[in-house]
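Here the structure comes first, spelled out in structure tokens, and everything after it is commentary.
The values are calculated or read from the model by the stated rules, or taken from the named source; none is laboratory data. If you're wondering where the values come from, they're calculated on a predicted model, not measured in any experiment. Reconstructed Cβ throughout: ideal geometry from the backbone, glycine too, with neighbour counts over all protein chains shown.
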Amino acid sequence: MNIQSAEDGVEALALSAEEEYDFIITDINMPNMDGIELIQKLRDKLDYIDVPIMVLTTEWSAEMKKQGREAGATSWIVKPFDTELLHNAILETIKKAQE
């Protein structure tokens with residue numbers, strides 16, 4: 001299993017060009033490129049059309065979640081969270097993406 005981290009959406013997008021990832025977790029509020037734009041740009045790439053993308057953020061508004069869904073987010077978790085919730089959400093996101 002290869003796990004990478006990025007400082008912002010620009011770096012994450014660059015990493016996605018170097019290697020193909022099976023699962024992506026992103027925040028919404030990042031410098032240089034926010035999570036919504038990152039999701040949109042990833043979904044524009046053939047290699048990332050079906051890859052599960054989880055949003056892990058402090059943003060909780062229905063409007064922001066709608067923007068995330070429209071961009072292509074597979075799931076959404078609001079901070080703070082506990083590890084069991086994250087673990088279960090990852091499993092559910094993978095299951096949902098495989099349907």
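Quick check: anything in the range 62-75 over 11 Å from Phe23 (Cα atoms) and part of a loop (DSSP other than H, G, I, E, B)? Yes, that holds for at least one residue. Considering only the range 36-46, I want to know if a residue exists there that is in contact with a helix residue (DSSP H, G or I) (Cβ under 9 Å, 6 or more places away or on another chain), among the β-branched types (Val, Ile, Thr), surrounded by 18 or more Cβ atoms within 10 Å (Cβ to Cβ) and assigned to a helix (DSSP H, G or I). Yes, because at least one residue in the range 36-46 is in contact with a helix residue (DSSP H, G or I) (Cβ under 9 Å, 6 or more places away or on another chain), among the β-branched types (Val, Ile, Thr), surrounded by 18 or more Cβ atoms within 10 Å (Cβ to Cβ) and assigned to a helix (DSSP H, G or I).
For the condition part of a loop (DSSP other than H, G, I, E, B), acidic (Asp, Glu) and within 17 Å of Leu86 (Cβ to Cβ), Asp22 qualifies. Does the range 80-99 contain at least one residue that is touching a strand residue (DSSP E or B) at 6+ places or on another chain (Cβ under 6 Å), hydrophobic (A, V, I, L, M, F, W, C), surrounded by 11 or more Cβ atoms within 10 Å (Cβ to Cβ) and at pLDDT 95 or above? Within the range 80-99, not a single residue is touching a strand residue (DSSP E or B) at 6+ places or on another chain (Cβ under 6 Å), hydrophobic (A, V, I, L, M, F, W, C), surrounded by 11 or more Cβ atoms within 10 Å (Cβ to Cβ) and at pLDDT 95 or above. Being assigned to a loop (DSSP other than H, G, I, E, B) and either of a type in the set (Gly, Ala, Ser) or touching a His at 6+ places or on another chain (Cβ under 8 Å) (or both) is a description that applies to Ala6. Screening the range 51-61 for residues that are of a type in the set (S, T, N, Q) and not in a strand (DSSP E or B) and picking the one that is nearest to the chain's Cα centre (by Cα) gives Thr58.
Can you find a residue in the range 18-35 that is exposed (fewer than 12 other Cβ atoms within 10 Å of the Cβ), under 23 Å from Gln98 (Cα atoms) and within 12 Å of the chain's Cα centre (by Cα)? Checking the range 18-35: at least one residue is exposed (fewer than 12 other Cβ atoms within 10 Å of the Cβ), under 23 Å from Gln98 (Cα atoms) and within 12 Å of the chain's Cα centre (by Cα).
Among the residues of the range 7-17, those identified as aliphatic (A, V, I, L, M) and either loosely packed, with under 10 Cβ neighbours inside 10 Å or within 25 Å of Gln98 (Cβ to Cβ) (or both) are Ala12, Leu13, Leu15, Ala17. For Glu92, the requirement of being outside any strand (DSSP E or B) and in contact with a helix residue (DSSP H, G or I) (Cβ under 6 Å, 6 or more places away or on another chain) is not met. Cβ-Cβ distance below 6 Å, separation of 6 or more or different chains: which pairs start in the range 18-45 with a residue that is farther than 12 Å from Gly68 by Cα and modelled with pLDDT under 95 and end on one that is acidic (Asp, Glu) and surrounded by fewer than 15 Cβ atoms within 10 Å (Cβ to Cβ)? Close Cβ pairs (under 6 Å, with a partner that is acidic (Asp, Glu) and surrounded by fewer than 15 Cβ atoms within 10 Å (Cβ to Cβ)) amount to Glu20/Asp47. Of all the residues that make up the range 70-99, how many are within 14 Å of Asp27 (Cα to Cα) and within 12 Å of the chain's Cα centre (by Cα)? Number satisfying all stated conditions: 7.
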